[in-house]
1. Does region 64-128 come out rounded, prolate or oblate, given a ≥ b ≥ c as the square roots of the eigenvalues of its C-alpha gyration tensor, rounded meaning a/c under 1.5 and, failing that, prolate meaning a/b above b/c?
2. Report, in deg cm²/dmol and to the nearest 500, the calculated mean residue ellipticity at 222 nm for the chain, where each DSSP H run with n ≥ 4 adds -39500 (n - 2.57) and the sum is divided by the residue count.
3. Past 26 Å, Cα to Cα: identify those pairs from Lys19/Lys119; Lys60/Lys118; Lys38/Lys83; Lys8/Lys38; Lys4/Lys71; Lys4/Lys83, in the order given.
4. In percent, how large is the relative contact order of the chain, given Cα pairs closer than 8 Å and 6 or more residues apart?
5. Give me, ordered by chain and number, the residues 5 or more places off Phe109 or on other chains with an amide H under 5 Å from its own placed amide H.
6. Give me the percent of accessible area attributable to carbon and sulfur for the chain, probe 1.4 angstrom.
7. Shape verdict for region 1-51, please, from the Cα gyration tensor: rounded (a/c under 1.5), prolate (a/b greater than b/c) or oblate.
8. Would you list the P(r) distribution for the chain, with all Cα-Cα distances sorted into 10 Å bins from 0 and each bin expressed as a whole %?
Amino acid sequence: MKLKYFSKEEFDCNCSSCKEKGGTGDNMDLDFLLMLDKARDISGVPFKINSGYRCPEHNKKVGGVKTSSHKNIPCNASDISTKDSVTRFKILKALLEVGFIRIGIGETFIHCDTDTDKKSSEVLWTYY
């Protein structure tokens with residue numbers, strides 16, 4: 001199935017060694033991407049992906065927790081840039097509408113994942 005708003009490259013690991021190899025966005029879970037694509041459609045605002053899949057080294061470098069969903073293969077997590085409170089609200093509302101049940105709110109991003117393997121569901125947390 002084709003995504004309307006995203007390419008898998010947007011979810012590539014951001015570390016230099018992974019960028020040289022390329023294609024780490026292929027580690028993304030298709031069902032997760034379809035949900036995100038639907039949320040993007042509903043929100044009516046562009047989603048800039050700050051982080052999708054992360055290799056273990058990059059996750060450690062950026063301060064990600066050992067159990068980070070960004071390291072899963074298939075990966076079912078992403079961080080979406082939010083530039084202001086109006087955009088943050090539209091993105092959050094759309095994520096909830098399509099069924100995301102694990103969401104983290106930061107000052108400049110929203111984290112969403114579908115990782116319920118040994119993790120709580122129906123949770124909303126902050127990074128403040």
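The values are calculated or read from the model by the stated rules, or taken from the named source; none is laboratory data. Bear in mind that the values here come from a model prediction, so they are computed numbers and not experimental data. The area values use the complete protein model at the heavy-atom level, side chains included, leaving out ligands, DNA and RNA. Shrake-Rupley method; radii C 1.70, N 1.55, O 1.52, S 1.80 Å.
1. Working: a/c = 1.92, a/b = 1.51, b/c = 1.27.
Verdict is prolate for region 64-128.
2. Details: 4 runs with 40 residues, N = 128.
Helices in the chain give a 222 nm mean residue ellipticity of -9000 deg cm²/dmol.
3. Values: Lys19/Lys119 29 Å; Lys60/Lys118 20 Å; Lys38/Lys83 20 Å; Lys8/Lys38 15 Å; Lys4/Lys71 24 Å; Lys4/Lys83 22 Å.
Beyond 26 Å: Lys19/Lys119.
4. Working: 217 pairs, mean separation 28.5, N = 128.
It comes to 22 percent, rounded to a whole number.
5. When sequence neighbours closer than 5 places are left aside, the close amide H contacts are Thr82.
6. Details: 3790 of 7400 Å².
Exposed carbon and sulfur together represent 51 percent of the surface.
7. On the way: a/c = 2.94, a/b = 1.84, b/c = 1.60.
Cα axes put region 1-51 in the prolate bin.
8. 13, 48, 34, 5
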